[in-house]
2 protein chains.
Amino acid sequence: MKIALVGIGKIAQDQHVPAIAASPDWELAATVSRAGSVEGVPAYTSLADMLAAHPDIGTVSLCLPPVPRFFYARELIAAGRHLMLEKPPGATLSECHALEAMAAEAGVSLFATWHSREAAGVAPARDWLSGREIRRVTVTWKEDVRRWHPGQEWVFEPGGLGVFDPGINALSILTEILAQPVHLSGAELLFPQNRQTPIAADLRFAHPGGAEVSAAFDWRQTGPQTWEIAVETASGALRLTEGGGKLSVNGEDIAPEGEGEYPRLYARMAELVRAGASNVDLAPLRHVADAFLLGRRETVAPFDF
Amino acid sequence: MKIALVGIGKIAQDQHVPAIAASPDWELAATVSRAGSVEGVPAYTSLADMLAAHPDIGTVSLCLPPVPRFFYARELIAAGRHLMLEKPPGATLSECHALEAMAAEAGVSLFATWHSREAAGVAPARDWLSGREIRRVTVTWKEDVRRWHPGQEWVFEPGGLGVFDPGINALSILTEILAQPVHLSGAELLFPQNRQTPIAADLRFAHPGGAEVSAAFDWRQTGPQTWEIAVETASGALRLTEGGGKLSVNGEDIAPEGEGEYPRLYARMAELVRAGASNVDLAPLRHVADAFLLGRRETVAPFDF
């Protein structure tokens, strides 16, 4: 099946292009981007021009930052194309609900992707936790924004999510591996004095079974980078490390099999298109919105790249 | 049917108690409150004590501030009581989703009320707008916080919503009268230097038909108070004033009939309980969460009561 990529930036070049190239399901047939392009693939700067030139491209994958994404998504659904959205699926929850309704009405597949859920350890972690009594969940997601978002000023602009841009990956795993839904009970958000989004956040969640669930996000971590979720249960402990890529149970490494995150996303999208189905889970973005709604704001030192 | 009120503060005394007293459907059979009570009605300070003493009270109405509300709501659903929630239905969207799921599982009715939707002009406004081409919607919701929330520090604490506490009333009307859903496209939130929630906000919404939709909320309005929604269509103009209580079309006053807002809410709750149904529309709270998520924060002068 033919697919087009819109937004040829770092994530597209690093992940989407190789995943599509290696996929048995997809052929990259066009790109749309202000500046980026992929060698050997027809490149457009206008979405409308691409759509007019390629009526045979049935699916489009959007790798734009969240704020402009809705306008492209709406145009693509109106043009009857199936749609795959990088995370987060939108700048607001309400626009995601609107897209979901539009896609259903137009009869196209909509896939709000959460790439971290495809990390190799996540599905086995969910299976191991299923039916176990959970006592404590500790999420630690600490990385260096200068290394992962060099010069990307938009992450600190309104709607850019700040430290929740990586943090939402942790929340997408948390909501996948816990059978019972949690909800935020309190949070502190640390805003640099000169910025619109938080650079660090501490979150506490209420769990229906009374487990202590907390998350610490920090974008100021130099040196070793930490993306871990530790779960204590009444019958053993589980630890997801490397962003969900590694899993250990009671201290013993479990080596899950499978492809990388993005190849799995594209395989799922192919399944959705063939089944005429959609997959839009807004729980991770809802937790982020809840954190902005309920969190206590604290001002910290200015940040510059 | 017997009903209990939990949280006997200003809104309970001003609205809930008289509405229940005048209702043909309900008998106020108990109250739970740290300090407040209603003459002639058994008063409790502990929810558990009230529940144990009154197994015949099938329905409970919660008039607490949003932050503690979830814990009471969960206990009540677990005790098999139907539940009516003052607006907003919770401190986070995720807890509202959780309550909805719990109520469905327990087979009790859950009603997330939006009293402003019951204002006399709202239903006729929705009917008049139905099928009309909307060009512009201007929401102006400006009041004096010192007059309406005297000394209520919680409105400026995290989760207290700030100016969105009245603003969500406007959003509940907006989402009721517009046939097509809007979503926030940009916002400015004005936070007093010493406070955790905004004292004023300007919101812009995207409308599927391209109408210009905006809202201005301000809690610093002394003198005349303004709660208005003006709608320009391709075939005439509509104006809701006095919080939805008055409606004019093309400059001509329309005098709608009917009871007040809270009597209508209690009549609807009786219908829901009798039908075994729930009514939980989270759109107004979702717009508020979206505003906190996407809005640009600006710091303004400190505020003290």
- prompt: Got a number for residues in segment B:1-36 being crowded, with 17+ Cβ neighbours inside 10 Å, farther than 22 Å from residue B:274 by Cβ and of a type in the set (S, T, N, Q)?
  reply: 3
query: Out of all the residues in segment A:44-72, which are buried (at least 16 other Cβ atoms within 10 Å of the Cβ) and either free of Cβ contacts under 8 Å to residues at least 40 places away in the same chain or among the aromatic types (Phe, Trp, Tyr) (or both)?
result: A:44, A:51, A:69, A:70, A:72
- prompt: In segment A:48-56, is there at least one residue being charged (D, E, K, R) and within 19 Å of residue B:209 (Cα to Cα)?
  reply: no
task: Answer yes or no as to whether residue A:243 is away from every other protein chain (no Cβ under 14 Å) and assigned to a helix (DSSP H, G or I).
output: yes
From A:112, A:78, residue being out of contact with any strand residue (DSSP E or B) (no Cβ under 7 Å at 6 or more places or on another chain) and either farther than 21 Å from residue A:1 by Cβ or of a type outside the set (Lys, Arg) (or both): A:78
message: Yes or no: segment B:288-297 includes at least one residue that is closer than 17 Å to residue B:161 by Cβ and touching a Cys at 6+ places or on another chain (Cβ under 9 Å).
response: no
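Here's the yes/no breakdown for (1) under 18 Å from the mean Cα position of the chain (by Cα); (2) over 30 Å from residue A:83 (Cα atoms):
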site: A:223; (1), (2): no, yes
site: A:241; (1), (2): yes, yes
site: A:248; (1), (2): no, yes
site: A:254; (1), (2): no, yes
site: A:258; (1), (2): no, no
site: A:261; (1), (2): yes, no
site: A:275; (1), (2): no, no
site: A:298; (1), (2): no, yes
query: Which residues, taken from segment B:225-239, are within 17 Å of the chain's Cα centre (by Cα) and under 16 Å from residue B:126 (Cα atoms)?
result: B:228, B:229
- prompt: Quick one: which of A:244, A:251 is small (Gly, Ala, Ser) and farther than 19 Å from residue A:15 by Cβ?
  reply: A:251
task: Filter segment B:128-151 for residues that are modelled with pLDDT of 95 or more and either over 21 Å from the mean Cα position of the chain (by Cα) or within 30 Å of residue B:78 (Cα to Cα) (or both) and give the result.
output: B:128, B:129, B:130, B:132, B:133, B:134, B:135, B:136
message: Tally up the residues in segment A:175-215 that are in a strand (DSSP E or B) and not hydrophobic (A, V, I, L, M, F, W, C), please.
response: 9
query: Which one of the conditions (1) among the polar types (S, T, N, Q); (2) under 30 Å from residue B:190 (Cα atoms); (3) in contact with a strand residue (DSSP E or B) (Cβ under 9 Å, 6 or more places away or on another chain) does residue A:225 fail to meet, given that it meets all the rest?
result: (2)
Of residues in segment A:187-213 being at the interface with another protein chain (Cβ under 10 Å from one of its Cβ atoms) and closer than 12 Å to residue A:137 by Cα, the one surrounded by the most Cβ atoms within 10 Å (Cβ to Cβ): A:205
- request: Return yes or no: is residue B:173 closer than 28 Å to residue B:210 by Cβ, at pLDDT 95 or above, out of contact with any strand residue (DSSP E or B) (no Cβ under 8 Å at 6 or more places or on another chain) and crowded, with 18+ Cβ neighbours inside 10 Å?
  value: no
- prompt: Are any residues in segment A:283-305 more than 9 Å from chain B (Cβ to nearest Cβ) and in contact with a His (Cβ under 9 Å, 6 or more places away or on another chain), and if so, which ones?
  reply: A:305
Within segment A:69-174, helices (runs of 4 or more DSSP H) holding 3 or more residues that are in the same structural domain as residue A:19 (by TED's automatic domain parsing): A:93-106
task: Report yes if some residue within segment A:187-197 is touching a strand residue (DSSP E or B) at 6+ places or on another chain (Cβ under 6 Å) and closer than 25 Å to residue A:132 by Cβ; otherwise report no.
output: no
task: Please work out which one of (1) surrounded by fewer than 17 Cβ atoms within 10 Å (Cβ to Cβ); (2) within 17 Å of the chain's Cα centre (by Cα) is the condition residue B:101 fails and give its number.
output: (2)
- prompt: Of all residues in segment A:232-252, how many are under 27 Å from residue A:163 (Cα atoms), touching a residue at least 24 places away in the same chain (Cβ under 8 Å) and out of contact with any Phe, Trp or Tyr (no Cβ under 9 Å at 6 or more places or on another chain)?
  reply: 2
task: Being surrounded by fewer than 22 Cβ atoms within 10 Å (Cβ to Cβ) and either within 14 Å of chain B (Cβ to nearest Cβ) or at negative phi (or both) is the filter here, so list the residues in segment A:246-260 that pass it.
output: A:246, A:248, A:249, A:252, A:253, A:254, A:255, A:256, A:257, A:259, A:260
message: Based on this model, can you work out whether residue A:288 counts as within 23 Å of residue A:149 (Cα to Cα), crowded, with 17+ Cβ neighbours inside 10 Å and of a type in the set (Val, Ile, Thr)?
response: yes
task: May I ask you to list the residues in segment A:248-279 that are β-branched (Val, Ile, Thr) and assigned to a helix (DSSP H, G or I)?
output: A:273
- line: Flagged in segment B:53-98 as over 16 Å from the mean Cα position of the chain (by Cα), within 22 Å of residue B:268 (Cβ to Cβ) and within 13 Å of another protein chain (Cβ to nearest Cβ), in numbering order, are B:73, B:77, B:97
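The values are calculated or read from the model by the stated rules, or taken from the named source; none is laboratory data. This one's a predicted model, so the numbers in the text were calculated from it and none came from an experiment. Please note: Cβ atoms are built from the backbone with ideal geometry, for glycine as well, and neighbour counts cover all protein chains shown.
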